[in-house]
Amino acid sequence: MDIIFHHPTFDTEYWLNRLQQALPDARVRQWKQGDRQPADYALVWHPPVEMLSGRKGLKGVFALGAGVDAILSKLQAHPDMLPDGVPLFRLEDTGMGLQMQEYAVSQVLHWFRRFDDYQRQKQQGQWQPLDDYRREDFTIGILGAGVLGGKVADSLVAWGFPVRCWSRSKKDFPGVESFAGGEALPAFLSGTRVLINLLPNTPQTVGIINRELLSQLAKEAYVINLARGVHLVEADLLAALDSGQLKGAMLDVFSKEPLPESNPLWTHPRVAMTPHVAAVTRPDEAISYIAKTITQLENGESVSGEVSLQHGY
Ligand SMILES: NC(=O)C1=CN([C@@H]2O[C@H](COP(=O)(O)OP(=O)(O)OC[C@H]3O[C@@H](n4cnc5c(N)ncnc54)[C@H](OP(=O)(O)O)[C@@H]3O)[C@@H](O)[C@H]2O)C=CC1
Ligand SMILES: O=CC(=O)O
C-alpha cells in the first residue's frame, strides 16, 4: 500500500516516520511536484491540485485538520481533484476537543469573573469591587454541536453554566438544551449571553454572525469565534461592540489570516485575539486515527470521519 503526504508547514520527516511506524507494511512518501506514481491514500492540507487530480487507484483522502472548507472550495474549482467515489476524511477530535474546551472554559470564566472589567479598572488605578455575575444570567449558546461543539458544551455544563446548542439536527447531550434548524435560531439566541461559534464553513453558514444575529443576543453579550473568520461580519461585530450590545469578543479566526495590520480589530479595547491556534492538529493522535481508519478500510470495515460532500462538512 502506498501513502502520499503533503502539508505546507508540518514537520514532514516526523509525520513520515510516525506513519511508517503505525503502518509498517505501507510505503509512505512525501508528495513532490511531478510525482504521478500510484498511491492508495493521500494525507493532505492545502493540496496542490496536481497532487490529487486524475489520480487513479486512490482509495481515500485524509484532510489533516477538522475543517475541510479549503479543500472543498478547491474541489469546486477542480472537480476532478477527487475522483468519483473516493471518500474524503477529516480529523474528528484527535486531541482538538480538549484544546477547544480549554479555550472556551478559560475565556468564559474570564468574563464571568469580570477580569476584563477589573483589568480596565486597574488601568485607571481604581480599587472597586463589582457585583458578581450570576450563573443563571450567563447562558452559553454554542453554534454547531458536532464533535468540537459537543465537547465544549460538556465542559461548560461541568462548570455549572446553562448551556444550549444549535445545529442542523437535534441533539441529546446531558444538561444541554438543543435547538435545531433555522426556525429555532431566534429562540436559541434569545437570552444567550456568551455565543461560541463552532460551525463548519459552508454556503449556509458564511456571514451568519451578523448584525441581525448579534441584535438578538442578551444585552452585553460576548462572542467567541473558534471556527472560521468568514462566519463573522467584522464590521457588524465592531458596531455591536461600540453600541454596547456586545461587551467583548475573543477571536481566533479571521476572514484574512494573518490579520492585516490595518484591521481595526487589532486595536479595539474589547476585542482579544489569538492567531488561529484554538485547536491545532496533534500529530500522534491524528496518525493513530488515520492508521486505524486505513486499516479498517483495508479490512472492509465501517469507519467514521467521512465528510459529506453534499453537506460540505
Ligand atoms: N480555530 C481552530 O483552531 C479550529 C477550528 N475548527 C473549526 O471548527 C469547525 C467545527 O468542527 P467539528 O465540531 O469537528 O465539526 P462537525 O462537523 O463535527 O460539527 C459541525 C456542527 O455544525 C452543525 N451545522 C452544520 N451546518 C449547519 C447549519 N447550516 N445550521 C446549523 N448547524 C449546522 C452540524 O449539525 P449536525 O450535527 O446536525 O450535522 C454540527 O453539529 C470546523 O469545521 C473548523 O472550521 C476546527 C479545528 C480547529
Ligand atoms: O482550523 C483548523 C482545523 O483543523 O480545521
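Bear in mind these aren't lab numbers, they're just calculated from the coordinates by the rules spelled out. Here the structure is a predicted model, which is why all the values come from computation and not from measurement. Note that we place each Cβ from the backbone using ideal geometry, even for glycine, and neighbour counts take in every protein chain shown.
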Mean 1/r over all different Cα pairs, inverted: what Kirkwood radius does region 36-85 give, in Å? 11.0 Å
What does the highest-first list of 190-200, 292-302 look like by mean Cβ count within 10 Å? 190-200, 292-302
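Report the semi-axes of the equivalent ellipsoid for the chain in whole Å, largest first, where each axis is √(5λ) for an eigenvalue λ of the Cα gyration tensor.
They are 39, 20, 19 Å, listed from largest to smallest.
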If you wrap a convex hull around the Cα atoms of region 1-95, how much volume per residue is inside, in Å³? 100 Å³
Residue-wise, which Karplus ³J(HN,Hα) couplings in Hz belong to region 145-161, taking 6.51 cos²θ - 1.76 cosθ + 1.60, θ = phi - 60°, and x for glycine or proline? 10, x, 4, 7, x, x, 5, 5, 4, 3, 5, 7, 4, 4, 8, x, 7
Using a 10 Å cut-off around each Cβ, can you sort R18, R120 from fewest to most neighbouring Cβ atoms? R120, R18
Taking the Cβ of each residue in Y313, Y118 as the centre, tally the other Cβ atoms inside 10 Å and list the residues starting with the fewest. Y118, Y313
Would you list, by chain and number, the lysines whose Cα falls below 30 Å from the Cα of K122, excluding same-chain residues fewer than 8 positions away? K219, K247
Which residues among region 70-97 fall inside the zone where the amide N is under 18 Å from a point 7 Å beyond the Cα of K292, along Cα→Cβ? 89-97
Cross-link table K32/K74; K151/K256; K56/K292, entries beyond 25 Å C-alpha to C-alpha: K151/K256
Across region 8-20, in residue order, what do the Karplus-derived ³J(HN,Hα) couplings come to in whole Hz, using 6.51 cos²θ - 1.76 cosθ + 1.60 with θ = phi - 60° and x for Gly and Pro? x, 10, 5, 6, 4, 3, 4, 4, 4, 4, 5, 5, 4
Set of aspartates and glutamates with alpha-carbon distance to K59 below 12 Å, sequence-local pairs under 8 removed: D2, D40, D84, E298
If each DSSP helix of 4+ residues adds -39,500 (n - 2.57) and the sum is divided by the residues in the chain, what number results at 222 nm, nearest 500 deg cm²/dmol? -9000 deg cm²/dmol
Taking 7 Å along the Cα-to-C-beta vector as the label spot, tell me the M1-Q76 distance in nanometres, rounded to one decimal. 3.3 nm
Can you give the convex hull volume of the alpha carbon atoms of region 229-270 per residue, in Å³? 68 Å³
Sort 144-157, 238-251, 26-39, 213-226 by the packing proxy (mean of other Cβ within 10 Å over each peptide's residues), most packed first. 144-157, 213-226, 238-251, 26-39
Placing each pseudo-label 7 Å from Cα in the direction of the beta carbon, V105 and N263 end up separated by a distance in nanometres of 2.8 nm
Region 118-242: spread of alpha-carbon positions along the three principal axes, whole Å, largest first, is 49, 34, 22
Just to confirm my numbers, what's the Cα centroid distance between region 142-171 and region 252-297 in Å? 19 Å
Hydrodynamic calc, region 177-304: Kirkwood Rh from Cα pairs, then Stokes-Einstein at 10 °C with viscosity 1.306 mPa s, so D in µm² s⁻¹ is 96 µm²/s
Can you put W166, W111 in order of Cβ neighbours within 10 angstrom, beginning with the fewest? W111, W166
Point-to-point label distance, Q310-Q124, nm (Cα→Cβ direction, 7 Å offset): 5.6 nm
In Hz, Karplus ³J(HN,Hα) per residue of region 241-257 (6.51, -1.76, 1.60; θ = phi - 60°; x = Gly, Pro): 5, 6, 7, x, 4, 9, 9, x, 9, 10, 10, 10, 10, 9, 4, 10, 10
